[in-house]
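The values are calculated or read from the model by the stated rules, or taken from the named source; none is laboratory data. Being a predicted model, the structure only gives us computed values, none of them experimental. Using ideal geometry, Cβ is built from the backbone for each residue, glycine included, and neighbour counts are taken over all protein chains shown. Heads up: the accessible areas ignore ligands, DNA and RNA and are worked out on the full protein's heavy atoms, side chains in. Shrake-Rupley method; radii C 1.70, N 1.55, O 1.52, S 1.80 Å.
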Amino acid sequence: MHSVGPLAVNEIKTEFFSSRNSEPMKFIDLFAGLGGFHTGFANSGYECVFACEIEPHLRTLYKENYGIEPHGDITKVNEAEIPEHDVMCAGFPCQPFSLAGKKKGAECPASGRLIDHVIRIAKHHTPKFVVLENVPNVLTIAEGSFWAYLTSSFSEIGYTIHHKVISPVDIGIPQNRKRVFIVAIRNDLDVGSFEWPEITGLAKTSLLDILDENLEHKKLEPAKVDLLKHWQSLLNQLALDRLVCTSIVAPEFGATYPLNFDALSLKEIKQYKGAYGSDLSQCVSWEEVMALMPSYTRKNRAVSNWLLESVEFSRDLYQAKKYICDAWAEKIDKNYNSWQILEWRGIHTTMDIYEHVVQFRASGIRILKPHVAPSLISMTPTQIPIIPSQSRYMSAHEAAKLQNLHELPNLPETIVGAFKALGNAVNAKVIELIANNLKVWKTA
Ligand SMILES: C[S@@+](CC[C@H](N)C(=O)[O-])C[C@H]1O[C@@H](n2cnc3c(N)ncnc32)[C@H](O)[C@@H]1O
């Protein structure tokens, strides 16, 4: 174990740069998952000496891919049994901090305090560097108290924290995935400032570059193929120049109900039109009224704030092109609420769905720019990105390219399992670049 007491500058250099000069630097991989840290550090020439991962199927896969059998639950790992190492990597679980989760932060009983085990192991081994990755929300959650806890805990055991939010798109990989990368440097080594990887910008990225043209892919279901065609026909007929960050909310075609009708009596609401202009005048109860209202008003008898602008836009569109909208609305599949909302997050200058990437979200059909894939998250099967021009889903291998994990011999067998694990993984290229910059310290 290293002592982290104060050293004179000369002593620092001798102690640090003479250590294991000819051997590769060693690292450990906590919360190993698919091994984004492993791939990145191994590509940079480091050697993995220990890993831990709680999920049995990910442990099996890790063994197959890297030849190392990970230990299980970190809370049960005896720190004294972990081999000596230069770098500790820990992609601690992000669900407690993610904007998509319940945001309990360190209070989350299941995994919010797993950082304490990272600190426990770091305190025992005092590796030269600790590299962590998580969602940027760790910086601000609970009014910054988790971040203050993390930095002060590392400070107490003799480290200085550096952090930076980086997305793969910043280094030329077509995926939007902002994550905070944290590098804790042992104080006795801190003879200069840490250089983060160079940001190359997103100008050159295109999702088309990572598509595997000649492989078998999961085809888009015929009903979805038809649905996209139907939406495209509306866009063509409306001949809109652009649709900027707004959704077309089809149930508003012909609707006249007040956007907040919570205070209205049954008699009053009956004078209005519901979804797709449905006649409310014959309704004898609120139950009957609400059955004819758009689904997004059903909770509060009002349009939610996030949809207001789009609802107003869609009503204006209807007023301007009533006949087109009515004829189109007759043929839209009304079985799924989310299929009736087109969320345009695409290129501003073309209204062609087929030049985009599509995602079926609970809130609507999302049209995304083709330059970058949406952040891979632990997606439900329906959220797997779609390449509409090829009527197919993105494949697991293509998703692995977005994480720079495509050279792994094995991915989880099902497409859903693969997307889940890839959505949890760290981008291995970002890690490789960070690992390269840590090595500079050894050889400088
Ligand atoms: C954010 S993911 C990290 C993924 C990894 N960095 C990668 O590139 O694939 C967190 C991982 O921690 C694992 N995990 C959660 N609780 C754990 C625990 N108590 N002990 C060990 N691993 C745990 C999860 O199964 C998950 O694979």
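A few points about this structure:
- Residue satisfying all of: in the range 36-52; near the ligand (Cβ under 9 Å from one of its atoms) and of a type in the set (Gly, Ala, Ser); nearest to Gly72 (Cα to Cα) among these: Gly36
- Any chance Tyr296 is touching a helix residue (DSSP H, G or I) at 6+ places or on another chain (Cβ under 8 Å) and crowded, with 18+ Cβ neighbours inside 10 Å: yes
- Here Arg298 clears all of (1) under 30 Å from Tyr354 (Cβ atoms); (2) modelled with pLDDT under 95 except the condition numbered (1).
- Test: residue in the range 363-376 that is under 30 Å from Ala250 (Cβ atoms), crowded, with 16+ Cβ neighbours inside 10 Å and within 16 Å of the ligand (Cβ to nearest atom): yes
- Helices (runs of 4 or more DSSP H) lying entirely in the range 245-360 (those with 3 or more residues that are farther than 19 Å from Leu235 by Cβ and in contact with an Asp or Glu (Cβ under 6 Å, 6 or more places away or on another chain)): none
- Residues (under 18 Å from His85 (Cα atoms), crowded, with 24+ Cβ neighbours inside 10 Å and out of contact with any strand residue (DSSP E or B) (no Cβ under 9 Å at 6 or more places or on another chain)) located in the range 21-60: Thr39
- Filtered by the rule that a residue be open to solvent by 80 Å² or more (accessible area, probe 1.4 Å) and not in a strand (DSSP E or B), the range 61-74 gives Lys63, Glu64, Glu69.
- Checked against the criterion of being within 22 Å of Val138 (Cβ to Cβ) and either modelled with pLDDT under 95 or in a loop (DSSP other than H, G, I, E, B) (or both), the candidates Arg113, Arg120 yield just one match: Arg113.
- Checked against the criterion of being in the same structural domain as Ser338 (by TED's automatic domain parsing), of a type outside the set (Gly, Ala, Ser) and in contact (Cβ under 8 Å) with a residue 40 or more places away in the chain, the range 277-293 contains not a single residue that satisfies it.
- Of everything listed in (1) crowded, with 17+ Cβ neighbours inside 10 Å; (2) closer than 15 Å to Asp316 by Cβ, the single unmet condition for Leu240 is (1).
- Scope the range 403-444; condition within 13 Å of the ligand (Cβ to nearest atom), touching a Leu at 6+ places or on another chain (Cβ under 7 Å), in a helix (DSSP H, G or I) and in contact (Cβ under 8 Å) with a residue 24 or more places away in the chain; matching residues: Phe419, Ala421, Leu422, Gly423, Ala428
Rundown of residues vs (1) under 23 Å from the mean Cα position of the chain (by Cα); (2) part of a loop (DSSP other than H, G, I, E, B); (3) modelled with pLDDT under 95, yes/no style:
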position: Ser152; (1), (2), (3): no, no, yes
position: Val169; (1), (2), (3): yes, no, yes
position: Ile173; (1), (2), (3): yes, yes, yes
position: Val191; (1), (2), (3): no, yes, yes
position: Trp196; (1), (2), (3): yes, yes, yes
position: Leu208; (1), (2), (3): yes, no, yes
position: Lys224; (1), (2), (3): no, no, no
position: Asp241; (1), (2), (3): no, yes, yes
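- Check on Gly45, more than 24 Å from Arg120 (Cβ to Cβ) and part of a loop (DSSP other than H, G, I, E, B): yes
- Taking the range 416-444 as the range and being aliphatic (A, V, I, L, M) and within 17 Å of the chain's Cα centre (by Cα) as the test, the residues that pass are Val416, Ala418, Ala421, Leu422, Ala425, Val426, Ala428, Val430, Ile431.
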